[in-house]
Amino acid sequence: MRKVVVTGLGCVSPLGNSVDETWQALKEGKSGITTITHYDPAPFTVKYAAEVKNFDASKYMDSSAARKMALYCKYAVAAAKMALDDSGLMGNAQVLEDTAVYLGVGIGGLEVTEASMTSYVQSEKKNMPPMTIPLLIPNEGAGNISMAFGLHGATHTIATACASGTDAIGNALDQIRCGRYDVILAGGAESTQCGFANLGFTKLHALSSKYADCPEKACRPFDKNRDGFIMGEGSTILVLEEYEHAKARGAKIYAELAGYGASSDGYHLTAPNPDGVCGAKAMTIAMKDAGVKPEEVTYYNAHGTSTVKNDSGETKMLHMAFGEAAKNLRISSTKSMTGHCLGNAGSLEAMICVKAIQEGFIPPTINLDEQDVEGGCDLNYTPNKGVSVPVDVAMSGNFGFGGHNGIVVFKKVK
């Protein structure tokens, strides 16, 4: 199989509007969770979220283009521009002509749906903004990236809930391996910071709500006092490139994207299968695909949502997939700082794996004050302080509503 490497990174996150800002905040254990500002949280039980802050779309696109984009699309175009700049491909029309886009989007322009439906109802079904449909549909993130940068390969959108970003990267890996493309922009984007999403997830009893006085403490993966996930947003794009193609142009290489595994629980609309078998299967498939043994994996970036069922269930999966090696595995849930970015979760956490390999640093799981060992969370989750350690192999896992399980594996290029 053709070898695939990462040659560019771009990121807009609740911790910063660049890869460097986001990574530095993660290393320092900073939380991006604050009181909601995108809309008035007063009517809602949940008052806090992990919002992108101080984002200026004019740095990445003109005002005419921005008016025709939902917020998740703006984040996606911004992250794509950063990734292309970082890769050295910006302006290389010959390569960009044949470059594809694989973008994971869980929901799409939900704030557009909310505003348009409000207009529709208040006008007695006579009016709504004319751009409603092209703004809200989830494929427009990939479409806007292709239009912004002249990319004429396929533009595919992957919608597998919280596994969307991971599955987009995994599918892009397969496309480059089989020779269909030499370069693909792959990642995820999401922005569902609106009252409609707040209430919708609250009705599912999925969100944390008891930390309004200290939002930065709200996301507590693997901790006894966790009470739900925190809504995040943003976009992360990786430039994936065939290894010889990257070498020939003298590209900077961050890491190898070495493996991908996916499976389906086939169990429940919103809850993971408590036996963990199918999630563990995805992990095993990914490691086999990457040609690594469990004991060779240094770091696992956990889905780690801070919900009771996910954290204990994911730990069970790790025990099944890694066996005795699970005891030595270094794990962290960076959602403790970024919140749960839904369609962008897997791509953001893939980027974190790449940076962990590049810098030899594992970010912490913050707010892990009382580990829920009795509840089944009995592994090393890197509590509260990151550690410097060589990372040769890093793995990230994400599990979405509907039973979608996605895993990606990265290796240091030697």
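Positive contributions from Lys and Arg (+1) and negative ones from Asp and Glu (-1), summed over other residues with Cβ under 15 Å from the Cβ of Gly179, come out at -2. Taken as Cα centroids, region 280-325 and region 96-124 sit 33 Å apart, rounded to the nearest whole angstrom. Each of Ser119 and Asp20 was given a label point 7 Å from its Cα along the Cα-to-Cβ line. The distance between the two points is 4.0 nm. Using a cutoff of 8 angstrom between alpha carbon atoms and counting only pairs six or more residues apart, the relative contact order for the chain works out to 23 percent.
The portion of the accessible surface of region 171-218 made up by carbon and sulfur, rounded to a whole percent, is 49 (1.4 Å probe; DNA, RNA and ligands excluded). Annotation: per residue accessible area for region 107-174 equals 46 Å², rounded to a whole number [probe 1.4 Å, protein chains only].
If you take all other residues with their beta carbon under 10 Å from the beta carbon of Asn380, and give Lys and Arg +1 and Asp and Glu -1, the sum is +1.
For region 115-215, rounded, prolate or oblate, judged on the Cα gyration tensor with a ≥ b ≥ c (square roots of eigenvalues), a/c < 1.5 rounded, else prolate if a/b > b/c? Since a/c reaches 1.5 but b/c is at least a/b, the shape of region 115-215 is classed as oblate. Among Ser18, Ser332, Ser306, the largest mean-square fluctuation in a Gaussian network model of the chain, built with springs joining Cα atoms closer than 10 Å, belongs to Ser18.
How much mean residue ellipticity at 222 nm does the chain get from its helices, if each DSSP H run of length 4 or more adds -39500 (n - 2.57) and you divide by all residues, to the nearest 500 deg cm²/dmol?
So the helix-based figure for the chain works out to -10000 deg cm²/dmol.
Note on the chain: percent of Cα-Cα distances in each 20 Å bin, starting at 0 and stopping at the bin with the largest distance, equals 30, 59, 10, 0. Hey, in the GNM for the chain with a 10 angstrom Cα cutoff, which one of Val95, Val12, Val292 fluctuates hardest? Greatest mean-square fluctuation among the candidates belongs to Val95. Using a Gaussian network for the chain with springs between C-alpha atoms less than 10 Å apart, which of these wobbles most: Ala42, Ala115, Ala325? Looking only at Ala42, Ala115, Ala325, the largest GNM fluctuation is found for Ala42.
Summarised in one figure, the compactness ratio Rg/Rh of region 1-93, Cα atoms and Kirkwood Rh, is 1.06.
The values are calculated or read from the model by the stated rules, or taken from the named source; none is laboratory data. The structure presented is a predicted model; accordingly, all values stated were derived computationally and were not measured. Cβ atoms come from the backbone with ideal geometry, glycine included; neighbour counts cover every protein chain shown. Areas reflect the complete protein model, heavy atoms only, side chains present, ligands, DNA and RNA absent. Shrake-Rupley method; radii C 1.70, N 1.55, O 1.52, S 1.80 Å.
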